[in-house]
Structure formats: C-alpha cells, structure tokens
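S.K.: Pasting a structure below so you can have a look.
Each value in this text was obtained by applying a stated rule to the coordinates, not by laboratory testing. For clarity, every value in this text was computed on a predicted model and none was experimentally measured. Please note: Cβ atoms are built from the backbone with ideal geometry, for glycine as well, and neighbour counts cover all protein chains shown.
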Amino acid sequence: MAAETIPLTADRFAAAARAAGATAPDSVLAEVGTELISRWSEPQRFYHTGEHLAACLDLVGDEPVVALAVWGHDAVYDPTAADNEERSAVLTGELLAECQVPAPVIEEVLRLVRLTAGHAVAPGDRNGALLADADLAILAAPWPDYVRYVAAVRAEYAHVPDELWRVGRATVLRSLLGLPGLYHRTPELESTARANLHRELASLTPAPPD
C-alpha cells in the first residue's frame, strides 16, 4: 500500500523553514507558505501542481533544506518561458529572506533549485541527489501513470503545435536519456524510467521507411 500523502499546508512549509533556521515570526512563515501554495495552484498547471509538490516533499522526507528547494523549484511556472528555474530561484531567495532563513542555507536552496534545470548531479552531492531523484520519480511510474503524466505536461503546452511539441519533447527525452544516471539514491528505478523514456521517444519519432 502506498504511503499516505501528508497534507500540503502553509504549516508544512513553516515547519521546514523553522528546521532550516528561519527566525521570522510565525505569521510571516504562514504568509510565505500560503503564497507558495497559491503559486503551485495556478490554472496553467496540469502536472506541476500541488500534487507534484506534495509527492516530492514526501520523497525527500525530513530534510529541511532539500524540502525548501522542493517548495521553490517550480514556484514560477510559465510554459511559454525558458527561464522558469532561474526565476523560481530568484523568487525563492526573496521569500526565504523574508523568513529570515540564514544566508548559507538560502544559497544552498537556490543552488538546488537551479539544479533542476538539467538534473545533473555531481558525485557526492547528497542534497542534489535527493532532490533530483524526487523530481524525476514520475519517470519510473507504471506505464499508465506515466502516460497520464505526459498528457498533463502536454496540456501545459497546449499553445505549442503538435509537430513542435514532438520535436521539443523528443529533445527533452534525449537529454534525460543522456544523463549518466537518472537516479542516485534510488537506482532501482533506473531501468523502468529508461524504458518509459525510450517508449515515449519511439512514439514521437517517425518509423524509418522500409
């Protein structure tokens, strides 16, 4: 039986911020948590929603610095833009400063947020490995769930014509397949994820003529 998802609340953000050293009043932490939940609930989101946020938080567990990076990693999500990770990092830095999180912690959180642009994790980067594994966990889902994930991402890019979507999506898939490893702390997911990626890529690529 799958573990029950912990509710996504402003208190959950506040707990992570406090554990990471935030010293602002509770009211400030509550306001920031509420703002983040509001951002994750925007109407242009179909996959990058509070459900994805909660799933990632559950996976990183009791790691407050990584949890703050999870809260921030898609805080800005505009499917028409190419700099969401950087804009998310800037916003996250501003919000954590409001929470009076120590500067070295903010620096690490922002490094992690930016890492999600390509999910390339250096050897020994424990925090990066934990975040990347959580963010990419969906790739190893059973095929029907994976198909629903792809459909949700496609809905976010409804403004993109089908042909351009296929080209762009194939580029993303090849980039992921080009990583030395998709998972660092959960390597047992690797084979399923790569099979899913190859299967989707094949569906996007015309078969060669006989």
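S.K.: Out of region 170-208, which residues are in a loop (DSSP other than H, G, I, E, B) and within 17 Å of D133 (Cβ to Cβ)?
M.R.: Filtering region 170-208 down to residues in a loop (DSSP other than H, G, I, E, B) leaves 178-186, 205-208.
Scanning region 170-208 gives L179, P180, G181, L182, Y183, H184, R185, T186.
S.K.: Then there is this: How many residues are in contact with a Phe, Trp or Tyr (Cβ under 9 Å, 6 or more places away or on another chain), under 16 Å from L115 (Cβ atoms) and part of a loop (DSSP other than H, G, I, E, B) when one looks only at region 40-81?
M.R.: Residues flagged as in contact with a Phe, Trp or Tyr (Cβ under 9 Å, 6 or more places away or on another chain), under 16 Å from L115 (Cβ atoms) and part of a loop (DSSP other than H, G, I, E, B) within region 40-81 amount to 2.
S.K.: Can you find, within region 170-188, the residue that is farthest from D125 (Cα to Cα) among those that are in contact (Cβ under 8 Å) with a residue 24 or more places away in the chain and among the polar types (S, T, N, Q)?
M.R.: Going through the qualifying residues, I end up with S175.
S.K.: Can you give me the number of residues within region 19-30 that are surrounded by fewer than 18 Cβ atoms within 10 Å (Cβ to Cβ) and either farther than 15 Å from E98 by Cα or touching a residue at least 12 places away in the same chain (Cβ under 8 Å) (or both)?
M.R.: Here is the first cut: in region 19-30, the residues surrounded by fewer than 18 Cβ atoms within 10 Å (Cβ to Cβ) are 19, 21, 23, 25-28, 30.
Within this subset, residues satisfying the condition of being either farther than 15 Å from E98 by Cα or touching a residue at least 12 places away in the same chain (Cβ under 8 Å) (or both) are 19, 21, 23, 26, 28, 30.
Here the count works out to 6.
S.K.: Right, here's the next one. If we scan region 35-55, do we find a residue that is polar (S, T, N, Q) and buried (at least 17 other Cβ atoms within 10 Å of the Cβ)? It would help to see each step written out before you state the result.
M.R.: Filtering region 35-55 down to residues polar (S, T, N, Q) leaves 38, 41, 44, 49.
Those left that are additionally buried (at least 17 other Cβ atoms within 10 Å of the Cβ): 49.
The answer is yes, given that some residue of region 35-55 is polar (S, T, N, Q) and buried (at least 17 other Cβ atoms within 10 Å of the Cβ).
S.K.: Please find, within region 171-203, the residue that is nearest to the chain's Cα centre (by Cα) out of those that are of a type in the set (A, V, I, L, M, F, W, C) and surrounded by fewer than 16 Cβ atoms within 10 Å (Cβ to Cβ). Explain how you work it out, then say what you get.
M.R.: Keep residues of region 171-203 that are of a type in the set (A, V, I, L, M, F, W, C), which gives 172-173, 176-177, 179, 182, 189, 193, 195, 197, 201-202.
Still in the list and also surrounded by fewer than 16 Cβ atoms within 10 Å (Cβ to Cβ): 172, 177, 179, 195, 202.
On the way: V172: 15, L177: 18, L179: 17, A195: 21, A202: 25 Å.
Result: V172.
S.K.: How about region 82-99: which of its residues are assigned to a loop (DSSP other than H, G, I, E, B) and either touching an Asp or Glu at 6+ places or on another chain (Cβ under 9 Å) or surrounded by 16 or more Cβ atoms within 10 Å (Cβ to Cβ) (or both)? Before the answer, list the steps.
M.R.: Restricting attention to region 82-99, the residues satisfying the condition of being assigned to a loop (DSSP other than H, G, I, E, B) are 82-83, 99.
Of everything in region 82-99, just one residue is assigned to a loop (DSSP other than H, G, I, E, B) and either touching an Asp or Glu at 6+ places or on another chain (Cβ under 9 Å) or surrounded by 16 or more Cβ atoms within 10 Å (Cβ to Cβ) (or both), namely C99.
S.K.: Taking region 92-109 on its own, how many of its residues are in contact (Cβ under 8 Å) with a residue 40 or more places away in the chain and either of a type in the set (D, E) or more than 19 Å from R18 (Cβ to Cβ) (or both)?
M.R.: Going through region 92-109, the residues in contact (Cβ under 8 Å) with a residue 40 or more places away in the chain turn out to be 95-96, 98-102, 105, 108-109.
When the remaining residues are screened for being either of a type in the set (D, E) or more than 19 Å from R18 (Cβ to Cβ) (or both), the result is 98, 108.
Of the residues in that region, 2 qualify.
S.K.: Output the number of the condition that V167 fails; it satisfies all remaining conditions of (1) part of a loop (DSSP other than H, G, I, E, B); (2) without any contact (Cβ under 8 Å) to a residue 40 or more places away in the chain.
M.R.: (1)
S.K.: Okay, moving on. Given the conditions (1) surrounded by fewer than 17 Cβ atoms within 10 Å (Cβ to Cβ); (2) more than 22 Å from C56 (Cα to Cα); (3) within 18 Å of the chain's Cα centre (by Cα), which single one is not true for R111?
M.R.: (2)
S.K.: For region 135-161, what are the residues that are within 18 Å of Q44 (Cα to Cα) and part of a helix (DSSP H, G or I)?
M.R.: Step one: of region 135-161, the residues within 18 Å of Q44 (Cα to Cα) are 148-161.
Matches in region 135-161: R148, Y149, V150, A151, A152, V153, R154, A155, E156.
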